[in-house]
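Engineer: Here's a structure for you.
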């Protein structure tokens, strides 16, 4: 089986600030979400957890798997999409002509990244490399694999596994601390 989970909430999530690769920790609400997820999914078997090295994902994975004999492997390919100069910007959907607005509402038209950021092609390339070279061979060998990462990154994983077109990038929704089974 292949599962994904998005990290718990952070102060920046609550303030609607774009996080990207900025390393923001969970807040108390996010830690509580992870504890509740640990209880809710305590009977779901995982052989291994691959996790983004960003602290909000690391904290989520550690809380989720506390007391379980599941190794957590941190992998840079699972970092959130980089949003460059828009990281830390609040309510970027409200900014007229915001390229981030295009990314979230029309991802098929987000072809040129913002200054200092990543394109969708770059993120999909990271995801494909991780899935093909690491996660899927384990799943094919009968292992139960958990990935703890981020909203945009996880949406790219879902899109890759389910072969969705770019305009459906957000169709699955990636709620905080909810387990999604992909395979």
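No lab work stands behind these numbers, since they all come straight from the coordinates. Source: prediction; values computed, not measured. Cβ: placed from backbone, ideal geometry, glycine included. Neighbour counts: every protein chain shown.
Engineer: Counting only the backbone N, which residues of segment 34-66 are under 15 Å from the spot 7 Å out from the Cα of residue 138 toward its beta-carbon?
Structural biologist: Under 15 Å, as judged by backbone N against the label point of residue 138, lie 45-53, 58, 61-62, 65 of segment 34-66.
Engineer: Still on this structure, I have one more. What area, in nm² and to one decimal, does the C-alpha convex hull of segment 53-137 cast on average over all directions?
Structural biologist: Working: hull surface 28.5 nm².
The orientation-averaged projected area of the Cα hull of segment 53-137 comes to 7.1 nm².
Engineer: Still on this structure, I have one more. Which angle from 0 to 90°, rounded to the nearest 10, does the C-alpha axis of helix 28-40 make with the longest principal axis of the chain?
Structural biologist: For helix 28-40, the angle is close to 40 degrees.
Engineer: Another one. Measure nothing but the geometry: give the 0 to 90° angle between the long axis through the Cα atoms of 55-64 and the longest principal axis through the Cα atoms of the chain, rounded to 10°.
Structural biologist: 30 degrees
Engineer: While we're looking at this one, here's another question. Using a 7 Å offset from the Cα along the Cα-to-Cβ direction at both residue 168 and residue 122, what is the distance between the two label points in nm, to one decimal?
Structural biologist: Computed distance between label sites residue 168 and residue 122 equals 2.7 nm.
Engineer: Something else: Taking the DSSP beta bridges in the chain as the whole, what percent of them are antiparallel, to the nearest 5?
Structural biologist: Beta bridges within the chain, antiparallel portion: roughly 30 percent.
Engineer: Same structure again: Using Cα atoms only, what is the angle between the long axis of helix 151-162 and the major principal axis of the chain, expressed in degrees (0 to 90) to the nearest 10?
Structural biologist: Roughly 70 degrees, rounded to the nearest 10.
Engineer: Let me ask something else. What percent do you get for the relative contact order of segment 1-152 when only Cα pairs under 8 Å and 6+ apart count? Don't skip to the answer; put the middle values down first.
Structural biologist: Numbers: 265 pairs, mean separation 54.7, N = 152.
It rounds to 36 percent for segment 1-152.
Engineer: Which of these values of Rg and Dmax of the Cα atoms in Å was calculated from the structure shown: (i) 17.2, 52; (ii) 15.7, 49; (iii) 15.4, 44?
Structural biologist: The value matching this structure is (ii).
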